[in-house]
Amino acid sequence: MIDRLSNRDARRLFLTLHGLSEPVHRKMATADLNARIEQIGFVQVDSINTVERAHHMILHARNRTYRPKQLSQLLERDRSMFENWTHDASIIPSRYFPYWRPRFRKTAAHLQERWRKHRRPGFEAEVESVLDRISTSGPVMARELGGDQPKQAGGWWNWHPSKTALEYLWRTGALAVTRREGFQKVYDLAENVIPDEHRAHEPDDEETIEWACRSALERLGFASSGEIAGFWEAVSPAEAADWCRRNLGNGLRRVILEDADGSKPREVYANEDVFDRAAGSAEPLPTLRVLSPFDPMIRDRVRAKRLFGFDYRIEVFVPAAKRQYGYYVFPLLEGDRFVGRIDMKHQRQEDNALHVTGLWLEPGVRFGKARENALTAALDRMRRFGGADAVTFANGYLRDAK
């Protein structure tokens, strides 16, 4: 008989593993920040700055004393973090760099095939000259190599060849991001950025699969083999499924997981101590938090719907007339459940206000005085964190749940 993990216990374990059950006011030293990123695995970086950059919002949601300069220290001085790719551009602990080296080889083959078809031709001819330039003259930004030309019709695939070469060399490990100026990446040779001890070892495929699957399950708590493969996107679904089968009874077990609505119990994998860890998980904090759309807790939208009953997608690429909610809508987490979503923007060039245009509550959630006060406090925290002078509201911002 396979034991059952209740939805309540699964939520609490998942929140604990994602650093969302710890005191939010406890002073966070830079070493604590390093440990927190290690705990959740990676922090996604995104270019959209509607309120604040995604990586800063992710970390601030877990500790209100977090400041962006702490992350800059880890990346640019301590070198305990580096930027590269998981499912998207992310900040990753540098000690995991060895497990990216097999990935770099696969990425090189994939990008060569893909970009030859879809990018402006000529980027491969630029690769050696870009490397020579950086080796001779030091770090560069794309605009210093002619990569700041306006985008042509068609978008990202019309990057300048030197910009494409930079991205190719970064995605395949020859270059690394040494710092950012504004939000522009500054590239240097990887050996000047990644500490020597993290470049000395190159694991084989078997070691990479073992690390990727075990470390993913440690952070997920319970997962299907597909969810394990999707966490780092370092192994294939077939490799993750085979790893799960081989490790059953060797630290791994099956459990029945209850979905949020109780209608679809599923069999998933977990570590042998999953029930002890779930029982030891902290009571979720009742605080109301504004999450980034790229928070790792909801990175897997299907998993978020099953676990929390929260059906979420970001609509930045959806035509305005077809959006259900808004361009860049933030999830609202209260305790161990999502209570709504909010559309807002820091109007930096207008009145320097954090302007709320829409608020949608989840079905069954009331907007009573206590929750209104909690939202007011959460918005004021976001205002101060992003540097806005005030919070303003559009007429009729509170919308019916859809």
19 Å cut-off, amide nitrogen to a point 7 angstrom out along residue 137 Cα→Cβ, residues in the stretch 159-182: 160-170, 175-181
Top of 177, 45, 365 by mean-square fluctuation, Gaussian network on the chain, Cα under 10 Å: 365
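Please work out how much length the chain gains when fully extended from residue 108 to residue 348, using 0.36 nm per residue of separation minus the C-alpha to C-alpha distance, in nm with one decimal. Write out the running numbers ahead of the final one.
Working: separation 240, 0.36 × 240 = 86.40 nm, distance 3.95 nm.
Using 0.36 nm per residue and subtracting the Cα-Cα distance, I get 82.4 nm.
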Overall form of the stretch 196-289 per C-alpha gyration tensor (a/c, 1.5; a/b vs b/c): prolate
The chain: radius of gyration and largest Cα-Cα distance (Dmax), Å: 22.1, 65
Theoretical gain in end-to-end length, residue 283 to residue 199 [0.36 nm per residue, Cα-Cα removed]: 26.2 nm
Relative contact order (%) - criterion: Cα under 8 Å, at least six apart; region: the stretch 246-402: 17 percent
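Give the average over all directions of the projected area of the C-alpha convex hull of the stretch 153-243, one decimal, in nm². Please list the in-between numbers first.
Numbers: hull surface 34.6 nm².
Spelled out: convex hull of the Cα atoms, projected over all directions, averaged, 8.7 nm².
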Of 287, 347, 125, farthest towards positive along the dipole that unit charges on Lys, Arg, Asp, Glu beta carbons give the chain: 347
Extreme residue, positive dipole direction of the chain, given options 49, 198, 164 (C-beta unit charges): 49
Solvent accessible area, Å² - residue 311, 1.4 Å probe, full protein context: 90 Å²
Pairwise Lys count, the chain - Cα closer than 16 Å, eight or more residues apart or different chains: 6
Cα-based convex hull, the stretch 1-78, per residue volume (Å³, whole number): 129 Å³
Inter-label distance, nm, simple model (7 Å from Cα along the C-beta direction), residue 29/residue 64: 2.3 nm
The chain - accessible surface per residue (Å², probe 1.4 Å): 46 Å²
The stretch 182-327: relative contact order in percent, alpha carbon pairs under 8 Å with at least 6 residues between: 15 percent
Relative contact order (%) - the chain, alpha-carbon pairs under 8 angstrom, separation at least six: 17 percent
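The values are calculated or read from the model by the stated rules, or taken from the named source; none is laboratory data. From a predicted model like this one, the values you see are computed outputs, not experimental measurements. Note that we place each Cβ from the backbone using ideal geometry, even for glycine, and neighbour counts take in every protein chain shown. Calculation scope for accessible area: heavy atoms of the full protein, side chains included, ligands and nucleic acids excluded. Shrake-Rupley method; radii C 1.70, N 1.55, O 1.52, S 1.80 Å.
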